[in-house]
Amino acid sequence: MKLKYLKEDWWLYLGCYFTGANYEMIRQSSEMSRKHVRKMFSAMLIVMFVWGFIGFSFVNRYMHGNFWMSLIGMLVMILIIIQIERQITMSLKITILNIVFRSMIGIIIAIIGSVIMDQIIFKEDIEIAKHEYLQNKLNKIMPQKTGEIQQQIADLKQQLRNLETERLEIMKEIERQPTIETARVNRSTSRTDTLTGKVESESIYQLARIPNPKIAYLSTIDNKISELNNII
């Protein structure tokens with residue numbers, strides 16, 4: 001970009017620079033040609049501003065980029081639009097193929113731009129609609145899930161009642177019989193039969209009282225009861 005031209009007619013020079021026209025030729029042409037270049041440049045600026053905003057918002061909203069990444073996205077989008085517009089303004093002759101190509105580009109750009117712009121402009125309405133959709137979906141799922149949870153809680157409470165009943169019965173049994181008698185070997189003797197050579201052993205048992213084994217089992221039941229209470 002030559003700075004000396006900016007002092008002469010900077011708007012016309014920028015128009016020639018972005019549209020691809022020759023500044024020297026346009027400057028020496030008629031006023032109608034210069035007005036045509038300025039008009040095309042003004043129209044291009046509108047499209048550049050709109051798509052710059054779309055590019056910035058797209059990177060910021062959908063790609064979760066920071067300010068500088070969004071700025072790069074805006075510049076890339078503006079560059080793409082400039083190249084597309086140049087394809088149109090620098091065409092020497094209009095053919096059916098050019099018309100079809102331009103129409104396809106215009107339709108694609110319009111669809112992409114309208115979708116992104118709608119989501120930016122109607123962001124709050126979209127969030128409200130999304131919230132209502134999730135709420136309706138939750139209202140449909142909640143009764144079923146609540147019923148399943150209530151059934152699980154009922155099953156756990158039944159297990160808890162069974163354990164508490166078992167614990168109560170064991171406690172009553174321990175109160176009735178805190179200790180039990182058991183036989184243990186006090187002394188063991190052996191002798192050999194002189195006739196047959198057979199070894200005979202004899203054990204002398206003695207009765208002893210030990211704590212009821214179910215006392216130790218109480219701690220296991222207490223742990224299970226505590227675990228079920230935590231789950232419930």
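The values are calculated or read from the model by the stated rules, or taken from the named source; none is laboratory data. Because the structure is a prediction, the values reported are computed rather than measured. So basically every Cβ, Gly included, is an ideal-geometry build from the backbone, and we count neighbours across all protein chains shown. Quick note on the areas: whole protein, heavy atoms, side chains included, nothing else; ligands and nucleic acids left out. Shrake-Rupley method; radii C 1.70, N 1.55, O 1.52, S 1.80 Å.
Could you identify the single residue in Val50, Val115 that is aliphatic (A, V, I, L, M) and modelled with pLDDT of 80 or more?
Working: Val115 fails: modelled with pLDDT of 80 or more.
None of the other options fit; the residue is Val50.
Within segment 158-178, track down each residue that is over 18 Å from Thr220 (Cα atoms) and open to solvent by 90 Å² or more (accessible area, probe 1.4 Å).
Scanning segment 158-178 gives Glu175, Arg176.
Pairs needed: first member in segment 49-68, closer than 16 Å to Ile81 by Cα; second member anywhere, in a helix (DSSP H, G or I) and aromatic (Phe, Trp, Tyr); C-beta distance under 7 Å; at least 6 residues apart or different chains.
none
Report, ordered by the first and then the second residue, all pairs with beta carbons closer than 6 Å, sequence separation of six or more or different chains, a first member in segment 101-126 that is more than 14 Å from Val47 (Cα to Cα) and in contact (Cβ under 8 Å) with a residue 24 or more places away in the chain, and a second member that is open to solvent by 60 Å² or more (accessible area, probe 1.4 Å) and not aliphatic (A, V, I, L, M).
Ile116/Phe58
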